[in-house]
Amino acid sequence: MDDIIQSIAIYAIPVIFAITLHEAAHGYVARMFGDPTAYQMGRVSLNPARHIDPVGTLLVPLVILLASKLLGSPGILFGWAKPVPVDFSRLRRPKQDMLWVAAAGPASNLVMAILWGIMLKLVYQSGGAGGYWFDMASAGVQINLVLMALNLLPLLPLDGGRMLYSLLPHRLAYQYGRIEPYGMMIVLLLLFSGALWVFLKPIFALGSTVVGWFL
């Protein structure tokens with residue numbers, strides 16, 4: 001039980017910021033490209049409380065963390081926040097600008113992974129290796145890279161799917177868009193089959209390399 005409580009204390013802050021600031025980034029970039037919907041609703045904010053979804057931000061990551069501890073497996077820690085409302089029709093170039101709005105989420109996770117990595121290095125250099133702040137910073141790097149990799153999968157409604165949709169010619173994009181209702185079902189099937197990490201690993205490795213450039 002003590003081990004579980006300690007894990008929650010270590011992972012709570014990185015998970016909440018990784019998920020909620022990801023959503024805030026979508027709203028911020030959408031506003032830059034002409035859609036003020038999220039801004040008008042107060043969702044372009046660095047305050048995690050504005051983005052927390054009780055189930056996706058708190059319950060799901062907690063259940064995954066507890067299950068991984070009880071079963072002795074690492075698991076893939078993920079979750080979601082309340083989606084930031086984006087009215088793509090209000091973007092100046094809806095199909096093209098969708099790429100940048102979608103990319104903002106994974107980009108924010110990469111930036112957060114870099115910042116946690118810098119903190120990890122500073123804590124290590126100060127002699128705090130293996131302590132609470134070291135473990136939290138390490139978790140922050142891992143969580144953000146996993147969420148970045150997950151969201152870059154080319155499946156709608158994930159960000160990678162939105163980016164691919166934006167790049168495809170109109171006719172192919174329309175056909176591709178028809179899989180969106182089944183996208184999350186596919187992700188869950190990959191997760192429970194154990195195959196999800198096969199697709200995430202190369203993206204995770206690339207993100208780790210980028211973080212390493214700053215250390």
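Ignoring everything but the protein chains, give the 1.4 Å probe accessible area of Phe134 in square angstrom, nearest 10.
About 50 Å², rounded to the nearest 10.
Express in whole angstrom the spacing between the alpha-carbon centres of the range 85-156 and the range 1-66.
Measuring centre to centre over Cα atoms gives 11 Å.
Positive end of the charge dipole of the chain (Lys, Arg +1 and Asp, Glu -1 on Cβ, about the Cα centre): tell me which of Phe214, His26, Leu188 has its Cα farthest that way.
Projecting each Cα onto the dipole axis, the largest value belongs to His26.
Mind listing the long-range amide H neighbours of Leu153? Cut-off is under 5 Å, sequence gap 5 or more, other chains count too, H placed in the peptide plane at 1.01 Å from N.
When sequence neighbours closer than 5 places are left aside, the close amide H contacts are Gly160.
Could you point to the label whose value was computed as percent of Cα pairs over 26 Å apart for the structure here, given [x] 41; [y] 37; [z] 28?
[y]
Using the Karplus curve 6.51 cos²θ - 1.76 cosθ + 1.60 with θ = phi - 60°, work out ³J(HN,Hα) for each residue of the range 156-172 in order, rounded to whole Hz, and write x for Gly and Pro.
Coupling constants for the range 156-172: 6, x, 5, 4, x, x, 5, 5, 5, 4, 5, 7, 6, x, 3, 5, 5 Hz.
Please turn the phi angles of the range 34-39 into ³J(HN,Hα) values with the Karplus equation 6.51 cos²θ - 1.76 cosθ + 1.60 (θ = phi - 60°), one per residue in order, whole Hz, x for glycine and proline.
x, 9, x, 3, 5, 5
Ordering Phe199, Phe33 from largest to smallest accessible area (1.4 angstrom probe), what's the sequence?
Phe199, Phe33
For every helix of n ≥ 4 consecutive DSSP H residues, a contribution of -39,500 (n - 2.57) applies; sum these over the chain, divide by its total residues, and give [θ] at 222 nm rounded to the nearest 500 deg cm²/dmol. Don't skip to the answer; put the middle values down first.
Numbers: 9 runs with 145 residues, N = 215.
Using -39500 (n - 2.57) per qualifying helix, the result is -22500 deg cm²/dmol.
If you build a Gaussian network model of the chain, linking Cα atoms that sit under 10 Å apart, which residue out of Pro106, Pro154, Pro202 swings the most?
Pro202
Who wins for biggest fluctuation among Ser89, Ser138, Ser193 in a Gaussian network model of the chain, springs between alpha carbons below 10 Å?
Comparing Ser89, Ser138, Ser193 in a Gaussian network model of the chain, the most mobile one is Ser193.
Tally Lys/Arg at +1 and Asp/Glu at -1 over every other residue whose Cβ is under 10 Å from the Cβ of Glu23; what's the total? If you can, show how the numbers build up before the last one.
On the way: positive: Arg43, Arg50, Lys82; negative: Asp53.
Taking every other residue near Glu23 into account, the sum is +2.
Hey, what do the phi angles of the range 137-145 turn into as Karplus ³J(HN,Hα) couplings, whole Hz, using 6.51/-1.76/1.60 and θ = phi - 60°, x for Gly and Pro?
The phi angles translate into 5, 4, 5, x, 4, 4, 4, 5, 5 Hz.
Pick out which of Ile16, Ile186, Ile203 has the largest mean-square fluctuation in a Gaussian network model of the chain, springs linking Cα atoms closer than 10 Å.
Residue with maximal mean-square fluctuation among Ile16, Ile186, Ile203: Ile186.
The values are calculated or read from the model by the stated rules, or taken from the named source; none is laboratory data. Bear in mind the structure is a predicted one, so any value in this text is a computation, not a measurement. Positions of Cβ are generated from backbone atoms using ideal geometry, with glycine treated the same way; all protein chains shown enter the neighbour counts. Surface accessibility is based on the protein's heavy atoms, side chains included, excluding ligands, DNA and RNA. Shrake-Rupley method; radii C 1.70, N 1.55, O 1.52, S 1.80 Å.
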